Amino acid sequence: LEQSRRDIDALYAGAPPPPLASLASAVQSFGMRKDDFLAVIDGMEMDAVEDIRAPSFDKLDLYCDRVASAVGRLSVRVFGMGEEDGIALAHHLGRALQLTNILRDIDEDAGLGRLYLPREALDAAGIASNDPATVAAHRDIDPACRMVAARARNHFIEADKIMARSPRRAVKAPRIMGKAYRKILDTMDAHGFAPPRQRVRISKSHLIGITLRYAFI
């Protein structure tokens, strides 16, 4: 990660290392910001260095900004969105996607010793433990997850408002990602979050349908 930071520094100093040479023209063409690349690295560092277990909502939001919304801020420049709406879309859709991922991957993350469900949600559900395996198996985990799901849903709603007023060509990819992940969230909501859980996946036919509708039709 430190080497990645040095590589990004070199890229923006006009001397990109060979692995990033092809990125230099894109950075210049689309006005990609150095801070967003560094934020992605900072997000990876949170996983690599910190012991992320039941973070506060504020810390979870920072994590989502770094690992998801920062990627969105880089992407919307390539998509051709305006500055204000592009940053707002990255903010909301990035968080919506990442929170959905967190809810989908509770058991997988627990196996890695990670617990991204926020402490405030766990407290509201009466779950005091910070142990990932204990929380993942807890019978009262459902209301904690639904609190996170509600936040994700609100971010999806705000992202949809932004995409509705944006040029269709500029939001093809965000729409496809949003619709696919919204389906995952809706399915998890319908099944509930109490253990035992089955990892939700979108059928290939449904994904093809979303892609055809928003990319071509």
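The values are calculated or read from the model by the stated rules, or taken from the named source; none is laboratory data. Just so you know, these numbers come straight off a predicted model, no measurement behind them. Positions of Cβ are backbone-derived with ideal geometry, glycine not excepted, and every protein chain shown enters the neighbour counts. These area figures cover heavy atoms from the full protein model, side chains too; ligands, DNA and RNA do not enter into them. Shrake-Rupley method; radii C 1.70, N 1.55, O 1.52, S 1.80 Å.
Return yes or no: is Ala133 open to solvent by 50 Å² or more (accessible area, probe 1.4 Å) and either outside any helix (DSSP H, G or I) or modelled with pLDDT under 95 (or both)? Answer is no for this residue. Of the candidates Arg151, Arg169, the single residue that is open to solvent by 70 Å² or more (accessible area, probe 1.4 Å) and over 17 Å from Pro55 (Cα atoms) is Arg169.
Can you tell me which residues in segment 186-207 are loosely packed, with under 11 Cβ neighbours inside 10 Å and either at pLDDT below 85 or not in a loop (DSSP other than H, G, I, E, B) (or both)? Those that are loosely packed, with under 11 Cβ neighbours inside 10 Å and either at pLDDT below 85 or not in a loop (DSSP other than H, G, I, E, B) (or both): Ala190, Ser203, Lys204, Ser205.
For segment 55-65, state whether one or more residues are loosely packed, with under 15 Cβ neighbours inside 10 Å and part of a helix (DSSP H, G or I). Taking every residue of segment 55-65 in turn, at least one turns out to be loosely packed, with under 15 Cβ neighbours inside 10 Å and part of a helix (DSSP H, G or I). Of all residues in segment 13-24, none satisfies being free of Cβ contacts under 8 Å to residues at least 60 places away in the same chain, closer than 30 Å to Val135 by Cβ and surrounded by fewer than 11 Cβ atoms within 10 Å (Cβ to Cβ). If you check Arg33, Arg104, Arg5 for being surrounded by fewer than 18 Cβ atoms within 10 Å (Cβ to Cβ), out of contact with any strand residue (DSSP E or B) (no Cβ under 7 Å at 6 or more places or on another chain), in contact (Cβ under 8 Å) with a residue 24 or more places away in the chain and over 28 Å from Arg168 (Cβ atoms), only one passes: Arg5. Of all the listed residues (Tyr63, Tyr12), the sole one being at pLDDT 95 or above, within 13 Å of the chain's Cα centre (by Cα) and aromatic (Phe, Trp, Tyr) is Tyr63.
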